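Colleague: I have a structure here, written as structure tokens, and I will follow up with some questions on it.
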Amino acid sequence: MENKGLQDHISNLLQAIESNLLAYAKDPKPNHLHRIRVSIKKIKALLSFATHTYQEPYTTNQLDSLFDAAGQLRELQINSIVLGKFTNPPVVLLAELQAKEKRLTEEFTANCPNYSKVVKLLQETITMPDKLPSKKSIKDYFKISQKKAAEKRQLKDRISLHQYRIRIKKLMYAFSFLPGPIQKEIPFPEADYKKQQRKLGVWHDTAMAVAFLSMQNREGLASDSLLQLQEKEKRQFNKLF
């Protein structure tokens, strides 16, 4: 099977990261950060797929600092959105989050040229084989990976559920790349996974805000908000099962 798409697909994702870095440096909007992180997640998923099916090591360690920095900002933004929806939002805490977001935005923007250099270097050095892996290796990858993901979900605890969310997201990214004829030969509940991802994403945003508020050690400032959020998170978590 000719590999006409994998190299080009990864190249396009790297170009998308560069474009969003440039756009963010000019106008730091949250959607640019989101697109950067999604592109990196897709690249990681494709290289994980390639590592297992080609039996060759592929890595995106070069993108880790960019991914983490963008993640810090996204987490602040998500927490601010979640907390801002309360009937009586913690005003002081929200102001602190906004001040921290402003500082991190300035740091990220200043580092955009360096991040861009890393992306360009990866663009020049990463290469894929000329042909796709064998059908057998592709089918084995999805069969084994889905089984491992299901095992995480069956544990029914929050850490395992988050790991399940990451695993099926990687599988969905890898599956979406495959040519249609190959997709048809793989037992893959794509529609079901998409529904789960939406619910898991909503729960994860709430769980992140709970974790953040739980680290606030100031009496009375976050306690009411934390109680509301914990109840909301419990309801969302239970509905997932």
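The values are calculated or read from the model by the stated rules, or taken from the named source; none is laboratory data. None of the values given here were measured: they were computed from a predicted structure. Here the Cβ is made from the backbone with ideal geometry for all residues, glycine too, and neighbour counts use every protein chain on show.
Colleague: Which one of the conditions (1) surrounded by 16 or more Cβ atoms within 10 Å (Cβ to Cβ); (2) of a type in the set (A, V, I, L, M); (3) under 21 Å from Thr53 (Cβ atoms); (4) over 21 Å from the mean Cα position of the chain (by Cα) does Ala174 fail to meet, given that it meets all the rest?
Modeller: Among (1) surrounded by 16 or more Cβ atoms within 10 Å (Cβ to Cβ); (2) of a type in the set (A, V, I, L, M); (3) under 21 Å from Thr53 (Cβ atoms); (4) over 21 Å from the mean Cα position of the chain (by Cα), the lone unmet condition for Ala174 is (4).
Colleague: Ok, one more. Is there a residue being within 19 Å of the chain's Cα centre (by Cα), surrounded by fewer than 17 Cβ atoms within 10 Å (Cβ to Cβ) and not small (Gly, Ala, Ser) anywhere in the range 80-103? Before the answer, list the steps.
Modeller: Step one: filter the range 80-103 for residues within 19 Å of the chain's Cα centre (by Cα), giving 80-82.
Subset that is surrounded by fewer than 17 Cβ atoms within 10 Å (Cβ to Cβ): 81.
Pick out the ones that are also not small (Gly, Ala, Ser) and you get 81.
Yes, the range 80-103 contains at least one residue that is within 19 Å of the chain's Cα centre (by Cα), surrounded by fewer than 17 Cβ atoms within 10 Å (Cβ to Cβ) and not small (Gly, Ala, Ser).
Colleague: From Phe67, Phe86, which residue is of a type outside the set (D, E, K, R) and touching a residue at least 40 places away in the same chain (Cβ under 8 Å)?
Modeller: Details: Phe67 fails: touching a residue at least 40 places away in the same chain (Cβ under 8 Å).
Answer to the check: Phe86.
Colleague: Here's something else I'd like to know. Where in the range 141-222 are the helices (runs of 4 or more DSSP H), entirely inside, with at least 3 residues that are among the aromatic types (Phe, Trp, Tyr) and either out of contact with any His (no Cβ under 7 Å at 6 or more places or on another chain) or at pLDDT 90 or above (or both)? If you could, list the steps in order and put the result at the bottom.
Modeller: Details: elements: 158-177, 180-183, 190-214.
So the answer is 158-177, 190-214.
Colleague: Now a separate question. I need every pair where a residue in the range 140-154 that is surrounded by fewer than 18 Cβ atoms within 10 Å (Cβ to Cβ) has its Cβ under 8 Å from the Cβ of a residue that is among the charged types (D, E, K, R), sequence separation at least 6 or different chains.
Modeller: Filtered contacts from the range 140-154: Lys148/Arg167.
Colleague: Continuing with this model, one more query. Do you know which residues across the range 14-55 are within 30 Å of Lys139 (Cα to Cα), in contact (Cβ under 8 Å) with a residue 40 or more places away in the chain and either surrounded by fewer than 18 Cβ atoms within 10 Å (Cβ to Cβ) or among the aromatic types (Phe, Trp, Tyr) (or both)?
Modeller: Gln15, Lys41, Phe49, Tyr54 - these are the residues of the range 14-55 that are within 30 Å of Lys139 (Cα to Cα), in contact (Cβ under 8 Å) with a residue 40 or more places away in the chain and either surrounded by fewer than 18 Cβ atoms within 10 Å (Cβ to Cβ) or among the aromatic types (Phe, Trp, Tyr) (or both).
Colleague: Now, a different point. Being out of contact with any Gly (no Cβ under 7 Å at 6 or more places or on another chain) and closer than 30 Å to Leu226 by Cβ: is that true of Val38 here? Talk me through it step by step, then tell me what you get.
Modeller: Numbers: out of contact with any Gly (no Cβ under 7 Å at 6 or more places or on another chain): yes; closer than 30 Å to Leu226 by Cβ: yes.
So Val38 passes the test.
Colleague: Follow-up question, since we're still on this one. If we scan the range 141-161, do we find a residue that is farther than 16 Å from Leu47 by Cα and acidic (Asp, Glu)? Write out each step before concluding.
Modeller: The first filter runs over the range 141-161 and keeps only residues farther than 16 Å from Leu47 by Cα, leaving 143-144, 146-161.
Filter once more, keeping what is acidic (Asp, Glu): 151, 157.
So far as the range 141-161 goes, yes, one or more of its residues are farther than 16 Å from Leu47 by Cα and acidic (Asp, Glu).
Colleague: Of the residues that sit in the range 155-165 and are surrounded by fewer than 17 Cβ atoms within 10 Å (Cβ to Cβ) and among the hydrophobic types (A, V, I, L, M, F, W, C), which one is nearest to the chain's Cα centre (by Cα)?
Modeller: My answer is Ile159.
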